[in-house]
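Here is the structure we will look at.
The values are calculated or read from the model by the stated rules, or taken from the named source; none is laboratory data. This one's a predicted model, so the numbers in the text were calculated from it and none came from an experiment. Cβ sites come from the backbone with ideal geometry, for glycine too, and all protein chains shown count toward neighbours. Areas reflect the complete protein model, heavy atoms only, side chains present, ligands, DNA and RNA absent. Shrake-Rupley method; radii C 1.70, N 1.55, O 1.52, S 1.80 Å.
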Amino acid sequence: MTEHTPPRIYGTDHDTTAPHTTLPGHEYIELSGGPLDGQLLDVTGLTADERTAGAYLITPHSAYGPGGRASYGPTFSRPDGPWVWEGDAP
């Protein structure tokens, strides 16, 4: 039997001691597809409008290389998540 590793939190460094630890009282949305697939995004401080707009997230693995951005956003059928990959941007 293999042990399942919880998803990594977007924005944590790989050398962080707890990159998989969620914080109490915070709300997270899973990212689906693309270079950040499976990571969790902390959306605690986002307004309702920001949550419906989605986000461009910096990633080292975009089509534009390190520092490029990946666009993620909600779908009409599941506005509360997960956010799906929409493509890469410079």
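Report yes if some residue within the range 36-59 is free of Cβ contacts under 8 Å to residues at least 40 places away in the same chain, of a type outside the set (Val, Ile, Thr), more than 22 Å from Asp88 (Cα to Cα) and touching an Asp or Glu at 6+ places or on another chain (Cβ under 8 Å); otherwise report no. Within the range 36-59, not a single residue is free of Cβ contacts under 8 Å to residues at least 40 places away in the same chain, of a type outside the set (Val, Ile, Thr), more than 22 Å from Asp88 (Cα to Cα) and touching an Asp or Glu at 6+ places or on another chain (Cβ under 8 Å). Of the numbered criteria (1) over 26 Å from His4 (Cα atoms); (2) surrounded by 12 or more Cβ atoms within 10 Å (Cβ to Cβ), the one Glu50 fails is (2).
Cβ-Cβ distances below 7 Å connect the following pairs, each with a first residue in the range 8-32 that is in contact (Cβ under 8 Å) with a residue 40 or more places away in the chain, a second residue that is open to solvent by 80 Å² or more (accessible area, probe 1.4 Å) and among the hydrophobic types (A, V, I, L, M, F, W, C), and a separation of six or more residues or different chains: Ser32/Trp85.
Which residues, taken from the range 60-83, are outside any loop (DSSP other than H, G, I, E, B), open to solvent by 10 Å² or more (accessible area, probe 1.4 Å) and touching a Ser or Thr at 6+ places or on another chain (Cβ under 8 Å)? Passing the criteria: only Arg69. Per the listing Thr22, Thr44, Thr5, the residue uniquely part of a loop (DSSP other than H, G, I, E, B) and open to solvent by 80 Å² or more (accessible area, probe 1.4 Å) is Thr5.
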